[in-house]
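Presented below is the structure to which this report refers.
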């Protein structure tokens, strides 16, 4: 196989347009198998039912007073009810068990539904939006959920861009999916997460909110700041104890926000929520619409490595001390190798136990492959083949640091899952600190 296109975060020159093997890149970006959108029936399109709001008016009116805490006191603790425990098991555990028992290779646990490919912000590291692309139609969204329901999948993540550009559609998607038993995950930069939006998605049945934030106050190239949406954040935190959803901070480690990452970690801990960390990276495959590939202040350069190493050590110490984190201590340490261009193969399950649905209804195995033209099929007719996926992953897997897909691959060891479930059971399924190790 030809040599990999290395990022010059390692070499010190210009950032290349992609990071995977040239042969794999040609197959993914210049394939003649253009991924088709799903064919639509000639009958009147099926739309979502109008959500009932409020479904639980007593919760809408309920207001929990957050207790005053002194510095160093344990954050406010929630009590997981049997209904919430069952909801999480129905979303994650039961589909996992089915995926281990049923024949065949395609048993998705989680699907990423890209209702938008537009965004209201321009984070300079992010290529995952193009404001020229029309959002997903209501019919495609409903058909996607119905198709996923026919599989083992019971976790639905809304994606963008910024999903809340159309809050009415998000409300319908969450309501419809939750009624069918999906565990619904909503990521957002929170600029549009007004209290009335929080009330509607909470009442509809959202399971967790991924609050994407990189800095406390805005910085050049990093507009996802906490202080401009602090009131929304406080309201979201308060209402989670009423409706039973969870919240976590999703942060991208850049060369210009290392101190902010520490501050945001402490803010999350003070509010009793988890954190998730990513290490900044250039696109895996070419993204012609991405305009910040060249002169980009957010990319980590070799001279930044010692400072980033120190931050990762600090985060690891916090993880060991009981801070709630999506990332394991090992995964945090692996980030050091990743930013130096070193990644070991890691049992990626994309296209088997996870997938993405683009705004037009076509499919891809994972988030970095959104812009690929290879034909993996469309909703109701997937074309994922383990042989093709495995061959592709020989290259892309060693240039990818997907937290969710890594955790998913980590779970495909029965012993680890059994130990994790036992740890949860010993605590009465009331949650554990640290991360999934």
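Some observations on this one:
- Count - residues of segment 382-396 that are in contact with a strand residue (DSSP E or B) (Cβ under 6 Å, 6 or more places away or on another chain) and free of Cβ contacts under 8 Å to residues at least 40 places away in the same chain: 1
- For segment 111-159, taking the residues that are within 23 Å of residue 217 (Cα to Cα) and in contact with a strand residue (DSSP E or B) (Cβ under 7 Å, 6 or more places away or on another chain), the one that is surrounded by the most Cβ atoms within 10 Å (Cβ to Cβ) is identified as 125.
- Residue selection: residue 190 satisfies the criterion of being crowded, with 21+ Cβ neighbours inside 10 Å and assigned to a loop (DSSP other than H, G, I, E, B).
- The number of residues in segment 194-248 being over 27 Å from residue 180 (Cβ atoms), part of a helix (DSSP H, G or I) and in contact with a strand residue (DSSP E or B) (Cβ under 8 Å, 6 or more places away or on another chain) comes to 2.
- Residue match in segment 202-216 (condition: buried (at least 22 other Cβ atoms within 10 Å of the Cβ) and at positive phi): yes
- Hey, residue 379 in contact with a strand residue (DSSP E or B) (Cβ under 7 Å, 6 or more places away or on another chain) and farther than 23 Å from residue 282 by Cα or not: yes
- The numbered conditions (1) in contact (Cβ under 8 Å) with a residue 12 or more places away in the chain; (2) in contact with a helix residue (DSSP H, G or I) (Cβ under 9 Å, 6 or more places away or on another chain); (3) more than 27 Å from residue 117 (Cα to Cα) are all true for residue 313 except (1).
- If you go through segment 289-310 and pick out every residue that is under 28 Å from residue 28 (Cβ atoms) and in contact (Cβ under 8 Å) with a residue 40 or more places away in the chain, you end up with 10.
Every number in this text was worked out from the coordinates using simple rules, so none of it is lab data. In this text, all values refer to a predicted model and were calculated from it rather than measured experimentally. So basically every Cβ, Gly included, is an ideal-geometry build from the backbone, and we count neighbours across all protein chains shown.
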